[in-house]
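Okay, structure first, notes after.
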Amino acid sequence: MDISTQNTEAPPPAPGPPVAAPTSASRGATRPGDRIFLGLSRGSGIFLLVIMAAIAAFLTYRAANAISKDHTNFLTTFEWNTNLEPASFGIAVLAFGTVVSAIIAMALAVPVSVGIALFITHYAPRRLGGPIAFVVDLLAAVPSIVYGLWGALVLVPHMDGLFGWLDHYFGWTGVFEWQGGAPRSMLTVGVLLAIMILPIITNVSREVFRQVPRMHEEAALALGATRWEVIRMSVLPFGRSGVISASMLGLGRALGETMAVATVLSPTFEINASLLDPGGGTFAQNIASKFSEATPLGQDALIASGLVLFVITLLVNGAARMIINRRKEYSGANA
């Protein structure tokens, strides 16, 4: 056999362990700027956790002082009087009013906010969508006390017609039964809070809808989908997590709103089945109205109610995070 025709190629190298590609963390460890940025970022996160822990520790310590001197059940008592001996205070009415007013606000604000965001991003022409977005941004900058004054002087006097209509057609339910008193009730507070949180939810939802990949919408249109079908199949699924996050931001303001609620609501420590009857209260409103004149025990009691509001807020945000994590299997950016 001719030697020149033999295969002279070298045998392939023996298989060995794969060489791991350098990760971004290992590459960043060799760069001073990346190390500094990593340290600052990590320190900022740790500092935020320390602040949250310090707030929780302070609230817990002061709340324990008050609850240890309370001779009634802090969670179920329908009374707030810290000037008598023995003192009696409870959060039953405050928790009910805070949750109910926030639910009313969310039920009214979220659909309207999503509709406005969709109109600005997918329906309105640019010369109309721009001014509408600008007006919505201005609503977010209005101070709470201005909303409260407007609610007390304009909204409350004009709620009689709505209350009468609800009582006439839905009074049989008991929830919308109206006895003819001043409309300084939970429903009025919910309407005012809905107006206040509407720009927050609208602005965040609008920016999320603008991030929808253009190819998704064009593909749906190419398949013969109508504009509403494009929004239903492409825009809303992509922006679901963003809308939930926007709603949680609005809910956080609704739960903690103080001056607007204190200006509009006629507070009483009673739970009414009807949303139209005056009365009720919220955590923030009760703290704002009583803290300046409270005794040391009364201040501790108010701080204890603030701790409950703090826990409710954490639970709401934790639930929202769980919902977002369950829904992140769909992401338009990854499709």
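General observations
- Residue in segment 291-301 that is among the acidic types (Asp, Glu), touching an Asp or Glu at 6+ places or on another chain (Cβ under 9 Å), surrounded by 13 or more Cβ atoms within 10 Å (Cβ to Cβ) and at pLDDT 80 or above present: no
- For segment 307-319, the condition of being modelled with pLDDT under 85, surrounded by fewer than 22 Cβ atoms within 10 Å (Cβ to Cβ) and aliphatic (A, V, I, L, M) holds for at least one residue.
- Being out of contact with any Pro (no Cβ under 6 Å at 6 or more places or on another chain) and over 19 Å from residue 59 (Cβ atoms) is true of residue 268.
- The set of residues from segment 212-231 being in contact with a Ser or Thr (Cβ under 9 Å, 6 or more places away or on another chain) and part of a helix (DSSP H, G or I) comprises 216, 217, 219, 220.
- Filter result (under 25 Å from the mean Cα position of the chain (by Cα), surrounded by 17 or more Cβ atoms within 10 Å (Cβ to Cβ) and free of Cβ contacts under 8 Å to residues at least 60 places away in the same chain) within segment 214-247: 239, 242
- Residue 209 being more than 15 Å from residue 98 (Cα to Cα), assigned to a helix (DSSP H, G or I) and in contact with a Pro (Cβ under 8 Å, 6 or more places away or on another chain): no
- Apart from one condition, residue 108 fits all of (1) assigned to a helix (DSSP H, G or I); (2) in contact with a helix residue (DSSP H, G or I) (Cβ under 9 Å, 6 or more places away or on another chain); (3) at pLDDT below 85; (4) not polar (S, T, N, Q); the exception is (3).
- Single condition residue 101 does not satisfy, out of (1) modelled with pLDDT of 85 or more; (2) of a type in the set (Ser, Thr, Tyr); (3) assigned to a loop (DSSP other than H, G, I, E, B): (3)
- Residues of segment 111-130 that are more than 14 Å from residue 247 (Cβ to Cβ), at pLDDT 90 or above and surrounded by fewer than 12 Cβ atoms within 10 Å (Cβ to Cβ): none at all.
The values are calculated or read from the model by the stated rules, or taken from the named source; none is laboratory data. This one's a predicted model, so the numbers in the text were calculated from it and none came from an experiment. Here the Cβ is made from the backbone with ideal geometry for all residues, glycine too, and neighbour counts use every protein chain on show.
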